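Each remark here refers to the structure printed beneath this line.
The values are calculated or read from the model by the stated rules, or taken from the named source; none is laboratory data. Because the structure is predicted, anything quoted here is derived from the model rather than measured. Positions of Cβ are backbone-derived with ideal geometry, glycine not excepted, and every protein chain shown enters the neighbour counts. Just the protein is used for accessible areas: all its heavy atoms, side chains included, with ligands, DNA and RNA removed. Shrake-Rupley method; radii C 1.70, N 1.55, O 1.52, S 1.80 Å.
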Amino acid sequence: MNDWAESTRQTGGLGAMRDCMQRTGQWHPGQLAGRRWPICCVSLEISQRCNLDCTLCYLSEASKSVRDLPLEEIFRRIELILEHYGQGTDVQVSGGEPTLRRRPELVAIVRRLAEVGLRPTLFTNGIRASRSLLEELAEAGLVDVAFHLDTTQQRKDHRSESDLNVLREEYIERARGLSIGVFFNTTVHAGNLEDVPMLAAFFAAHADVVRLASFLLQAETGRGVLGARADAVHSDGIAARLEQGLRTPLRFDALSAGHQDCNRCAVALVIGNRAYDAYADVSFIRRFMHATTSVSIDRKTPWRGTRALILAALKRPALLAASLDWLARLGWMTRRDLVTARGRVHKLTLVIHDFMDACQLDEERIDACIFMAISQDGPVSMCRYNAKRDDYLRRPLKTCSCARQSLRETAQSRKDSLA
């Protein structure tokens with residue numbers, strides 16, 4: 001068990017994360033970690049198999065030889081997540097490609113996560129994520145689906161990011177109307193760096209369905225062949241290109257999630273054909289965040305999440321006054337686009353993840369990690385997990401050895417009864 005997991009057991013989720021942020025110098029008025037949640041998300045890998053061969057793949061060379069975890073072990077790991085972080089934790093059902101599991105098993109995993117109060121998101125390349133599967137998963141309790149598409153995947157007849165927009169639109173339509181959030185992940189490397197503005201504009205144009213776009217910076221880890229990133233691929237450059245694509249400046253420093261060298265986020269309000277920075281008034285955004293840290297946001301149905309925030313403001317007269325002032329100023333600034341868009345406003349969250357190379361792990365960043373993978377022993381920083389993936393995956397499973405022991409004891413008991 002790592003130090004963070006032990007600290008969590010001893011002091012409780014929020015307190016442990018707050019201690020980590022303070023210890024690593026990341027605690028400030030805009031920090032979400034340790035205030036709103038004890039962890040950003042936990043990756044639950046249910047298969048190491050994949051139906052693509054990405055040039056930037058975090059899986060190890062030995063992944064093909066690793067058998068799928070039995071449901072018994074996956075359910076045990078779900079209990080570990082619940083024990084460490086509590087209900088309401090976001091869990092990424094991932095892999096490999098999770099849809100390569102038998103469909104009833106995948107549905108059972110999502111249902112178990114939802115039943116114990118965790119919030120499951122399906123991380124998929126979309127090839128097997130049919131409309132009917134998404135419908136069934138939504139009924140089982142799926143909160144979000146995150147489609148990963150980019151040029152590292154070498155998809156046939158889709159050589160450029162522009163080509164891949166055809167698939168992105170197809171995936172958007174598969175999920176349209178379902179009570180799940182739709183995210184997109186893009187790995188950024190030298191080959192598609194200049195496409196980032198175009199992708200930002202694409203996601204904004206589809207913000208009626210797409211709620212989050214995540215940009216993952218190239219890292220030298222796993223079995224990918226592209227290796228280390230070019231100097232031009234860095235967080236500041238990605239942020240500038242996102243602003244270029246949306247044609248508006250964005251505040252990526254209003255709120256923080258974990259270590260400043262790992263994650264950056266901004267939120268755009270898309271009204272008609274224009275995007276506006278939702279975090280432009282940093283003082284108000286931080287004040288609102290502090291006052292609503294305990295409010296549960298329903299991502300499956302945005303209007304319920306909005307209603308929860310409104311009700312929270314109504315209970316606090318000073319916050320309500322500040323919120324009405326903020327809305328009035330925003331409404332005046334966007335009045336022309338609001339008329340054109342008939343009052344429809346869509347929120348698009350933009351996230352930049354700067355993962356570390358396997359051979360250059362920074363222990364301070366590891367200590368402040370908010371993106372964990374769940375191993376058989378407990379949560380592990382995702383960057384450390386990727387760097388030492390075989391060490392975690394090729395060890396015998398405790399649940400399997402216990403099951404074999406139980407079978408041996410049962411067999412011996414039957415022999416004794418027959419003797």
Item checked: Sorted peptide list for 308-321, 82-95, criterion being average Cβ within 10 angstrom, highest first -> 82-95, 308-321
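Hey, what's the per residue convex hull volume over the C-alpha atoms of region 220-357, in cubic angstrom?
Numbers: hull volume 20.1 nm³, N = 138.
About 145 Å³ per residue, rounded to a whole number.
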Checklist line | Relative intensity, log₁₀ I(q)/I(0), of region 212-296 from a Debye sum that treats every alpha carbon as a point, q = 0.25 Å⁻¹ | finding: -1.32
Next item on the list: Treating only the Cβ atoms of Lys and Arg (+1) and Asp and Glu (-1) as charged, compute the dipole magnitude of the chain about its Cα centre; round to the nearest 20 debye.
Entry: 1280 debye
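What is the ratio of the Cα radius of gyration of region 286-379 to 2.2 N^0.38 Å, with N the residue count, to two decimals? Walk me through the numbers before you get to the answer.
On the way: Rg = 19.4 Å, N = 94, 2.2 N^0.38 = 12.4 Å.
The value comes to 1.57.
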Next item on the list: Might you tell me the accessible area per residue for the chain, computed with a 1.4 Å probe and given in Å²?
Entry: 46 Å²
Check: Can you list, bin by bin at 5 Å, the percent of alpha carbon pairs in region 28-136, starting at 0?
Finding: 2, 11, 21, 21, 18, 14, 9, 3, 1, 0
Margin query: Under a Cβ-only charge scheme (Lys and Arg +1, Asp and Glu -1), can you give me the dipole magnitude of region 56-174 about the Cα centre, in debye to the nearest 20?
Written below: 300 debye
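Determine the sum of side-chain charges near Leu178: Lys and Arg each +1, Asp and Glu each -1, restricted to other residues whose C-beta is under 10 angstrom from that of Leu178.
Working: positive: Arg131, Arg174, Arg176, Lys300; negative: Glu135, Glu139.
Result for the local shell: +2.
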Next item on the list: May I ask for log10 I(q)/I(0) of the chain at q = 0.09, 0.10, 0.13 Å⁻¹, from a Debye sum over the Cα atoms as equal point scatterers with solvent left out?
Entry: -0.57, -0.70, -1.22
Next item on the list: May I ask for the distance between the Cα centers of region 339-398 and region 114-166, given as a whole number of Å?
Entry: 18 Å
Note to self: Please compute, for the alpha-carbon atoms of region 78-131, the extent along each of the three principal axes and give them in descending order in Å.
What the structure shows: 33, 18, 18
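Suppose only helical runs count, i.e. DSSP H with n ≥ 4. What mean residue ellipticity at 222 nm does that imply for the chain under -39500 (n - 2.57) per run, divided by all residues and rounded to the nearest 500 deg cm²/dmol? The partial results should precede the final answer.
Working: 16 runs with 178 residues, N = 419.
Result for the chain: -13000 deg cm²/dmol, rounded to the nearest 500.
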Note to self: For a quick check: with amide H placed at 1.01 Å from N, whose amide H comes under 5 Å from Phe371's, ignoring anything fewer than 5 positions away on the same chain?
What the structure shows: Met382
Notebook entry, point to check: How would you order 372-382, 205-215 from highest to lowest mean count of nearby Cβ atoms within 10 Å?
Noted result: 372-382, 205-215
Check: What nm value, rounded to one decimal, do you get for the distance between Arg329 and Lys64 when each label is placed 7 Å out toward the C-beta?
Finding: 5.8 nm
Margin query: Looking at the chain only, what percent of DSSP beta bridges run antiparallel? Nearest 5 please.
Written below: 30 percent
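Across all directions of projection, what mean area in square nanometres is found for the Cα convex hull of region 113-165? Don't skip to the answer; put the middle values down first.
On the way: hull surface 16.8 nm².
The orientation-averaged projected area of the Cα hull of region 113-165 comes to 4.2 nm².
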Notebook entry, point to check: Going out from 0 in 10 Å bins, what whole percent of all Cα-Cα distances in region 163-258 drops into each bin?
Noted result: 14, 42, 34, 10, 0
Notebook entry, point to check: When all protein chains stay in place, what accessible area (Å², nearest 10, 1.4 Å probe) is found for Trp27?
Noted result: 80 Å²
Check: Dipole of region 283-405, Cα-centred, from +1 at each Lys and Arg C-beta and -1 at each Asp and Glu C-beta, to the nearest 20 debye?
Finding: 880 debye
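Ranking request for peptides 60-67, 328-335, 105-112, 131-138: highest mean number of other beta-carbon atoms within 10 Å first, then the rest in descending order.
On the way: 60-67: 14.5, 328-335: 12.9, 105-112: 19.8, 131-138: 17.6.
My ranking of the peptides, most packed first, is 105-112, 131-138, 60-67, 328-335.
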Notebook entry, point to check: If the cut-off is 16 Å between C-alpha atoms, which lysines fall inside it for Lys347, apart from same-chain ones fewer than 8 positions away?
Noted result: Lys300
Check: Where the centroid of each part is defined by its Cα atoms, how far is region 20-57 from region 253-276 in Å?
Finding: 17 Å
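Would you work out the Kirkwood radius for region 88-176? I mean one over the mean of 1/r across all pairs of different Cα atoms, in Å. Don't jump to the answer; show the numbers that get you there.
Details: mean 1/r = 0.0736 Å⁻¹.
With all distinct Cα pairs of region 88-176 included, I get 13.6 Å.
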Notebook entry, point to check: Based on the Kirkwood radius over alpha-carbon pairs, what value in µm²/s does the Stokes-Einstein equation return for the translational diffusion coefficient of region 98-257 at 20 °C and 1.002 mPa s?
Noted result: 126 µm²/s
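Cβ under 14 Å from Leu324's Cβ, Leu324 left aside: what net charge do those residues give with Lys, Arg +1 and Asp, Glu -1? Don't jump to the answer; show the numbers that get you there.
Details: positive: Arg287, Arg316, Arg329; negative: Asp281, Asp325.
Every neighbour counted, the sum reads +1.
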